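Student: Provided herewith is a single structure, encoded as structure tokens, for subsequent inquiry.
The values are calculated or read from the model by the stated rules, or taken from the named source; none is laboratory data. Every value quoted in this text rests on a predicted model; they were computed, and no experiment measured them. Using ideal geometry, Cβ is built from the backbone for each residue, glycine included, and neighbour counts are taken over all protein chains shown. In case anyone asks, the SASA skips ligands and DNA or RNA and just uses the protein heavy atoms, side chains included. Shrake-Rupley method; radii C 1.70, N 1.55, O 1.52, S 1.80 Å.
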Amino acid sequence: MHETAVSDMDDLRRSLVGLLPKLRRFAMTLARDAADADALVLQACERAIAKSPMHEGEARLDEWIYTLARTLWAEEARKRPPRATQASHDPASRERISPAHPLHETILSMPEGLASVFVLVNVEGRSYGEAAGILGIPVATVTARLSAARLKMAMIVAEEEARRA
């Protein structure tokens, strides 16, 4: 019995390692800061390992870990002071949170709720229902946010093309 538990834990850890790039991308849509996103990923993985007996296949591991990350972020948000609205407009701050790829910067320039929905549906290929479950919001909200995110993305791309012309 103990060997099975160890094997299951090893499987969980291997699966978590495979999910790290996707989980970090999702965490960046929440945290907007690489260090905070990395800390969130670590917390989510630690929580998943600690609560692994509770998982028992109730949902796909990736959906479960994303939901854990979102819940942890929401819990932490209640504890920390509100972010200054100028942080996203401060060039030093943008440098700190912007990954190398311009698409990542574009996604992170979207409001938090839009970025998370966009990444889950358009980048990760999740269904609207899966995204709704991960984010803890109704499917109608996913639809509205995704529409707004796509419009924002189209606007940013059009502005970039006009700038290049």
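Student: Of everything in segment 31-64, what is acidic (Asp, Glu), modelled with pLDDT under 90 and farther than 19 Å from residue 132 by Cα? Give them in sequence order.
Tutor: 33, 56
Student: Do you know which residues across segment 117-165 are open to solvent by 40 Å² or more (accessible area, probe 1.4 Å), touching a residue at least 40 places away in the same chain (Cβ under 8 Å), part of a helix (DSSP H, G or I) and within 18 Å of residue 23 (Cα to Cα)?
Tutor: Within segment 117-165, 123, 130, 133 qualify.
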